[in-house]
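Colleague: First the structure, then my questions, so here it is.
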Amino acid sequence: DTAVSQTPKYLVTQMGNDKSIKCEQNLGHDTMYWYKQDSKKFLKIMFSYNNKELIINETVPNRFSPKSPDKAHLNLHINSLELGDSAVYFCASSQRGEETQYFGPGTRLLVL
Amino acid sequence: AQRVTQPEKLLSVFKGAPVELKCNYSYSGSPELFWYVQYSRQRLQLLLRHISRESIKGFTADLNKGETSFHLKKPFAQEEDSAMYYCALKWEGSRLTFGEGTQLTVNP
């Protein structure tokens, strides 16, 4: 009965590869987010979707492409992975009009 | 532009001592502020929000609009309080801007 889940938990891959991270929430929320937490623990928003529509798109390389097949899922696809993409990626969800965002456990990505 | 500043990256106190984690913000609109906590290798979770004026796990935070601050306080720190604490500002409906975080260590 996990509220916000992400797969995989850990991802180790080579530079240049393409990988995807999946996120699912069972809270019935209409808004989902992707955040990146770098090695210095700095947390920054990347994308947000509301009812499958992109509403926040921060300055993120085009290699990152979010996809929301339905409002319970928000996946993140990364092309041509680079060393600097190594980070922990957190998915979150919230209900528009309410304040609290609920976070997933994070996906620890290591690019070699 | 909106900004959240947590001046202390690391904070270390002894068990039973008071603790204050500082947070200052910059925002032209009406601020909504939060504290999130991340225990070691766990997910980020909401600790408290200024609107509800609640005390969670002994922590309180008061919004001071004059000083543009939202400092987090606890009178007697416990070892289990050791974690990363993020101050966050909500703006434009659902956007959250986080501070850089303060790693709190409570020593026995």
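The values are calculated or read from the model by the stated rules, or taken from the named source; none is laboratory data. Remember, predicted model here, so these are calculated numbers, not experimental data. Positions of Cβ are backbone-derived with ideal geometry, glycine not excepted, and every protein chain shown enters the neighbour counts. Calculation scope for accessible area: heavy atoms of the full protein, side chains included, ligands and nucleic acids excluded. Shrake-Rupley method; radii C 1.70, N 1.55, O 1.52, S 1.80 Å.
Colleague: Among what's in the stretch B:62-83 and is modelled with pLDDT of 95 or more and among the aliphatic types (A, V, I, L, M), pick the residue that is farthest from A:Thr100 (Cα to Cα).
Modeller: Within the stretch B:62-83, the match that is farthest from A:Thr100 (Cα to Cα) is B:Ala77.
Colleague: So, one more: Which residues, taken from the stretch B:29-47, are closer than 20 Å to B:Thr68 by Cα and more than 14 Å from the chain's Cα centre (by Cα)? Before you say what the answer is, go through the steps one by one.
Modeller: Within the stretch B:29-47, the first condition is being closer than 20 Å to B:Thr68 by Cα, and the residues that meet it are B:29-36, B:47.
Of everything in the stretch B:29-47, those that are closer than 20 Å to B:Thr68 by Cα and more than 14 Å from the chain's Cα centre (by Cα) turn out to be B:Gly29, B:Ser30, B:Pro31.
Colleague: So how many residues does the stretch A:1-53 have that are in a strand (DSSP E or B), of a type in the set (A, V, I, L, M, F, W, C) and surrounded by 14 or more Cβ atoms within 10 Å (Cβ to Cβ)?
Modeller: Just the residues of the stretch A:1-53 that are in a strand (DSSP E or B), to begin with: A:4-7, A:10-13, A:19-25, A:31-37, A:43-50, A:53.
Narrowing further to those that are of a type in the set (A, V, I, L, M, F, W, C): A:4, A:11-12, A:21, A:23, A:32, A:34, A:43, A:45-47.
Right, trim to surrounded by 14 or more Cβ atoms within 10 Å (Cβ to Cβ) and you get A:4, A:11, A:21, A:23, A:32, A:34, A:43, A:45-47.
Going through the stretch A:1-53 one residue at a time, the tally reaches 10.
Colleague: Go through A:Gly97, A:Gly104 for me and flag whichever is surrounded by 16 or more Cβ atoms within 10 Å (Cβ to Cβ) and within 14 Å of chain B (Cβ to nearest Cβ). Talk me through it step by step, then tell me what you get.
Modeller: Working: A:Gly97 fails: surrounded by 16 or more Cβ atoms within 10 Å (Cβ to Cβ).
Only one candidate qualifies: A:Gly104.
Colleague: Taking into account only those residues within the stretch B:60-82 that are hydrophobic (A, V, I, L, M, F, W, C) and more than 16 Å from B:Arg3 (Cα to Cα), which is surrounded by the most Cβ atoms within 10 Å (Cβ to Cβ)?
Modeller: Keep residues of the stretch B:60-82 that are hydrophobic (A, V, I, L, M, F, W, C), which gives B:61, B:63, B:70, B:72, B:76-77.
Adding the requirement that they be more than 16 Å from B:Arg3 (Cα to Cα) leaves B:61, B:72, B:76-77.
Working: B:Ala61: 26, B:Leu72: 22, B:Phe76: 11, B:Ala77: 22.
This residue is B:Ala61.
Colleague: Say we look at the stretch B:83-108 and pick out the residues that are more than 13 Å from the chain's Cα centre (by Cα) and open to solvent by 20 Å² or more (accessible area, probe 1.4 Å); which of these is nearest to B:Cys23 (Cα to Cα)?
Modeller: Our first condition is that a residue be more than 13 Å from the chain's Cα centre (by Cα); within the stretch B:83-108, this holds for B:90-96, B:105-108.
So of that shortlist, the ones also open to solvent by 20 Å² or more (accessible area, probe 1.4 Å) come out as B:90-93, B:95, B:105, B:107-108.
Numbers: B:Lys90: 14, B:Trp91: 16, B:Glu92: 20, B:Gly93: 21, B:Arg95: 18, B:Thr105: 17, B:Asn107: 22, B:Pro108: 25 Å.
My answer is B:Lys90.
Colleague: Only one residue in B:Leu44, B:Leu21, B:Leu63, B:Leu33 is in contact with a strand residue (DSSP E or B) (Cβ under 7 Å, 6 or more places away or on another chain) and closer than 30 Å to A:Tyr10 by Cα, so which one is that? If you could, list the steps in order and put the result at the bottom.
Modeller: Numbers: B:Leu21 fails: closer than 30 Å to A:Tyr10 by Cα; B:Leu63 fails: closer than 30 Å to A:Tyr10 by Cα; B:Leu33 fails: closer than 30 Å to A:Tyr10 by Cα.
From the options B:Leu44, B:Leu21, B:Leu63, B:Leu33, the qualifying one is B:Leu44.
Colleague: Can B:Thr105 be described as within 30 Å of A:Ser5 (Cα to Cα) and at pLDDT 95 or above?
Modeller: It is true that B:Thr105 is within 30 Å of A:Ser5 (Cα to Cα) and at pLDDT 95 or above.
Colleague: While we're looking at this one, here's another question. Name the pairs: first residue in the stretch A:36-51 and without any contact (Cβ under 8 Å) to a residue 12 or more places away in the chain, second residue assigned to a strand (DSSP E or B), Cβ to Cβ under 8 Å, at least 6 apart or on different chains?
Modeller: Pairs found: A:Lys41/B:Met84; A:Lys41/B:Gln103; A:Phe42/B:Phe98.
Colleague: Now for a separate question. Go through the stretch B:1-51 and count every residue that is out of contact with any Asp or Glu (no Cβ under 9 Å at 6 or more places or on another chain), at pLDDT below 90 and open to solvent by less than 60 Å² (accessible area, probe 1.4 Å).
Modeller: Residues that pass the stated criteria total 1.
Colleague: Which of the strands (runs of 3 or more DSSP E) contained wholly in the stretch A:63-112 include at least 2 residues that are touching a residue at least 40 places away in the same chain (Cβ under 8 Å) and not small (Gly, Ala, Ser)? Working first, answer last.
Modeller: Working: elements: A:64-70, A:73-78, A:87-94, A:107-111.
Answer list for the stretch A:63-112: A:73-78, A:87-94, A:107-111.
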